[in-house]
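Student: One structure follows; several queries about it will come next.
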Amino acid sequence: MSLIRLTATVIFVASIVGCASRPDTHLAYNDGVAAYRAKDYKTARVEWKKAVSEGDTSAMNNLGYLLSEGLGGERDEVTAVHLWTDAAQRGHSEAALHLGKAYEDGKGVDRSDVEAYAWYTCAVTSARAASANGDDVEAAILKDANDALSRLMAVFPPEHFDAAQKLAGRYVQTYAGK
């Protein structure tokens, strides 16, 4: 057997063994989506927890939603906020949108118009960048985030605006579009 053929065989076998020993988070995420669509929220939670354990930001966002709404088990708004924060800090636009809403409503976290403004702005920035490439889901998130920001601004205390803009600038620079 030639050295090239032996090397190729070793690489091929190593890649199969590596793939077999690593959990397939994409499969767990998709199984969660299928369960959610079938309204089997308990199974969706289980599958998305698997994907979350491997760092899947979409699973973090979706599991956060199930927890915040109490779908498939106990309502846990605090854990939902932790999941959304983790995903938003990794550039997930919808998680930033949910996080902004949590701060606006004071669900799972202390109410803060400044934090809500910052996270909505981060969601707008992330979604705008992704929707520019023709992503329809991100375009819908962009619309929802802009609507949320407009709704918030209608009742926003003027004395908080400077702090909100500074925080939003920091969040956008650090987290948007990662």
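Student: Hey, any hits in the stretch 143-166 for a residue that's surrounded by fewer than 18 Cβ atoms within 10 Å (Cβ to Cβ), without any contact (Cβ under 8 Å) to a residue 60 or more places away in the chain, in contact with a helix residue (DSSP H, G or I) (Cβ under 9 Å, 6 or more places away or on another chain) and aromatic (Phe, Trp, Tyr)?
Tutor: Yes: one or more hits.
Student: Residues Leu149, Leu71, Leu99: which one is under 19 Å from Ala59 (Cβ atoms), more than 12 Å from the chain's Cα centre (by Cα) and hydrophobic (A, V, I, L, M, F, W, C)?
Tutor: Leu71
Student: Of everything in the stretch 98-129 that's among the basic types (Lys, Arg) and modelled with pLDDT of 95 or more, which residue is farthest from Gln165 (Cα to Cα)?
Tutor: Lys107
Student: If we keep just the residues of the stretch 72-91 that are among the hydrophobic types (A, V, I, L, M, F, W, C) and buried (at least 17 other Cβ atoms within 10 Å of the Cβ), which is nearest to Lys39 (Cα to Cα)?
Tutor: It comes out as Ala80.
Student: Please pick out the residue among Ala38, Ala59 that is surrounded by 21 or more Cβ atoms within 10 Å (Cβ to Cβ) and either farther than 22 Å from Ala168 by Cα or not assigned by TED's automatic domain parsing to the domain that holds Pro158 (or both).
Tutor: Ala59
Student: Then there is this: Which condition breaks for Val109 when tested against (1) surrounded by 17 or more Cβ atoms within 10 Å (Cβ to Cβ); (2) in contact (Cβ under 8 Å) with a residue 60 or more places away in the chain; (3) assigned to a loop (DSSP other than H, G, I, E, B)?
Tutor: So Val109 meets the others, but not (2).
The values are calculated or read from the model by the stated rules, or taken from the named source; none is laboratory data. Fair warning: this is a prediction, and the values are worked out from it, not measured in the lab. Virtual Cβ from ideal backbone geometry, glycine too; neighbours counted across all protein chains shown.
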